[in-house]
1. With a point put 7 Å past each Cα toward its Cβ, work out how far MET463 is from LEU513 in nm, to one decimal.
2. So if R0 is 30 Å, what FRET efficiency would CYS12 and TYR108 give, r being the distance between their Cβ atoms, rounded to the nearest 0.05?
3. Could you please put HIS487, HIS689, HIS517 in sequence from largest to smallest accessible area, using a 1.4 Å probe?
4. As a test of reading the structure, rank THR429, THR469 by solvent-accessible area (1.4 Å probe, protein chains only), most first.
5. Could you pull out the pairs from LYS31/LYS310; LYS419/LYS550; LYS446/LYS503; LYS369/LYS400; LYS446/LYS497; LYS369/LYS585 whose alpha carbons sit more than 21 Å apart here?
6. For ALA116 and LYS561, what does the FRET efficiency come to when R0 = 56 Å and r is the distance between their Cβ atoms, rounded to the nearest 0.05?
7. Could you give the distance between the Cα centres of segment 86-137 and segment 542-590, to the whole Å?
8. Can you give me the long-range amide H partners of TYR356? Hydrogens built in the peptide plane at 1.01 Å from N, cutoff under 5 Å, separation of 5 or more residues or another chain.
Amino acid sequence: MDRWCGVVSLDCSFKIYGNKFVVLKIVSLRKDYFIIGKIGYIARSEVANIYRLFELFKNFILGLSLFGGNLTFIVSREEGVYNTLLVLHASSIAERKLKNWVREVLAYINSFSNLANLKWQYVDYERARDILGFLLRRFVGLVAIREFEIRNYRYQIAERAGRSWEFDSILGGAISTGGDVCGIYLPAFKDGTFLIVGANLDPIKLSIKRRNEAFFKIDAHRERSMDGWAELERHRFKVMIVTGIMTAQAPNKTYSLTLNIRNIYQNALQLPKLILSKSLTERKSREKIIRDTILGLLMNMPYGITIDSKLDSFLCFLLPIMVSILFVRKRSFFDPHLDIYEHATKGEIQIGWQLYSGERLAPFHIGIKDLRRHVLILGKTGTGKSRLARIIAEEIVRKKISKIWIFDFHKEYLDLTRKYDFEVYEPGTTRRALQVNIFDSQYEEKESYASFLTAILLETIKMRGEEATAQMERAISYATWATVHSHNPSPTTFLSKLYEWCKEAEETLPSALYTFHAVANRLKPLFSGVSKYIFWVRRSNIDISDLVNKNVIFDLSYLFKRNLKNEIFLLVNILLRYTVMALFKQEYLLLENKPPRLVLLVEEGRYLVPWRKISSSIDTTAVEDFATLARKYGLGLIIIAQSPHLISQDIISNSGTLFLMNTDIPEREYPILENEELRKYIQMMPPRHAIVKLSSAPSLIHIEVKQHHIEPYVPPAPTPQQEYLPQTQIIPLDFEDWIREIISLNSK
Ligand SMILES: Nc1ncnc2c1ncn2[C@@H]1O[C@H](COP(=O)(O)OP(=O)(O)OP(=O)(O)O)[C@@H](O)[C@H]1O
Ligand SMILES: [Mg+2]
């Protein structure tokens, strides 16, 4: 507000009404009240119904005029987006009169909006300040272009006898000659330009009053001609049409108009010119200048137009301009009309906007309650999933809502380490090595961890398309169990235990030794090659209970590039298991309304094992399934996937916050997306758009994700010290050698 006061040096304050309108009060000699609303969606009919549209706006203006004051529409373009503001202004010495004016006008606009399906953009305090700042800058611009005189457009209508104009016939003519009434062509409407069309409502009010009086008079004296009636309606109407470029220049500097602005004038005035051209003659304006209000000032600047005509003719001039600037905005062929939700305008994490028919009507936020339920982001490649996740992740870190672990497959998140405290692991490398002894049950009961590990090992084998016989399953199950329970759980112990089982079974099963080799072969890829730096280790180099208190990036790009899917799969699921169990064992039962302690962001949801497969293995004290357990003990999940078909059904059904970007729709969501058009739309949706389902409140919201740019970043190479240290945990003898060792030891 400071700048406002600085420039106009007046007292001002503002209030917000119903989240839709800003009422600005300026106090000087007189008091000026402005009602400002940002127009969102307007029901747009086909050209066939254009008369209805004009009728609608005609009624709107006539209705408004009963309250007096000035009516102005402002269209501007910023960052490619057209914004349309409605500004109503009244001025008086008596404040009480103005307060009544505000109340009545707001009531009128509200009821008209319902009737005309006119939606207003949500306005909160911050936004109100933006809007006022925006108006201010334009007013500065306006003052600056005062030098410019549009002589050609200073018309007055001089109607000659015998030439009577009917509203419909004129418009009809304009439309049939191909006039683009609905939506003026504004190629010159570059970012930062604005166009203002305003009218003083008082003459309209007066004109209506006179007409009504005349009507009664005519009724009383039937002999009076209709011509006389029309003459009574005649009035001097004041219009303002202004365009300019937003500047923050000092008002007294001369402003050079660019060609663009002339183009806008020409385009904006083409239609009214067409209509009025034959009946216009130029005449010097004689009105006295009233300088005591801002809008009054504007109205009387050289670009003000005075039209001396009948009311209908005047509306003929005004309506096409007003209506067409309101439709200057572009829209796609189908935009969903989903409701705007108040509860989604607040929350810790700002994501973008709620859209109605493609218009940003309100901000879109998610809150802690949404993070507590798992977040699922579905969308085809390039739709902006990672960027959306990134916005959420960054807010979590910036506002210290929770700790976050990011499983990054494309080095997309590393630049976060520049601004925030992150531990980075790059599994597979020796630089930022991550070493995980998968046989270490960490904070889980050994029994249940062993059955989880067995399940996950069998899953990795199946993922590679290899078969595991019943006997192999038994061997793995035993060896895993025995290793996890041993004093020295490690991959080498596992191999020994495996051999032990096979040797013993050999007495009854002749193929048992074959089973040993078959299992070893199937698991070998996990413990050799690049993977040996992760899993062929005696000890883990991380302590989960410590790590859950830190922000961590697991840079999986090294593994991902080498297509080491099984390793990623094993690693992600074991880490996920460890964290849930660590939180569970530490009994950090998450309190109501508290954010999760730790959020895991998994970029490729297809690497998560179906929860139902491993839930049965959780020890008997935990009756809940894995997802519920995670939620209860403060682990939030953000999962990204390209299609619902790529991830398991139970992950989808456990997500409380669902972002559907351009993608196939999960079958279970069909009931809530019963609208066929909406379903089609989801599969053609532009990038950065999403349909969101929040389970914190039953709502389906169409959103646009805000712009979020990332500077590419390559983290500095680690110091030699860092390079050396982690290698010490790696088992010196290779997997193959170890097998040979076991066999030779036993054959002795
Ligand atoms: N909110 C945004 N702000 C700015 N640019 C964006 C935004 N969303 C998407 N983009 C642009 O689109 C590109 C693709 O977005 P993103 O990487 O998020 O897609 P994705 O859905 O994760 O794709 P993939 O499935 O291939 O990983 C980005 O590199 C960026 O240039
Ligand atoms: Mg991505």
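1. Roughly 3.3 nm, to one decimal.
2. Values: r = 24 Å, r/R0 = 0.80.
The computed FRET efficiency comes out at 0.80.
3. Working: HIS487 195, HIS689 25, HIS517 80 Å².
I get HIS487, HIS517, HIS689, largest accessible area first.
4. THR469, THR429
5. Numbers: LYS31/LYS310 31 Å; LYS419/LYS550 15 Å; LYS446/LYS503 24 Å; LYS369/LYS400 16 Å; LYS446/LYS497 16 Å; LYS369/LYS585 23 Å.
Checking Cα-Cα distances, LYS31/LYS310; LYS446/LYS503; LYS369/LYS585 exceed 21 Å.
6. Values: r = 57 Å, r/R0 = 1.01.
According to the calculation, E is roughly 0.50.
7. Their Cα centres are 53 Å away from one another.
8. LEU361
The values are calculated or read from the model by the stated rules, or taken from the named source; none is laboratory data. Everything numeric in this text was worked out from a predicted model, so none of it was measured. Ideal geometry is used to build each Cβ from the backbone, glycine not excepted, and the neighbour counts take in all protein chains shown. Surface accessibility is based on the protein's heavy atoms, side chains included, excluding ligands, DNA and RNA. Shrake-Rupley method; radii C 1.70, N 1.55, O 1.52, S 1.80 Å.
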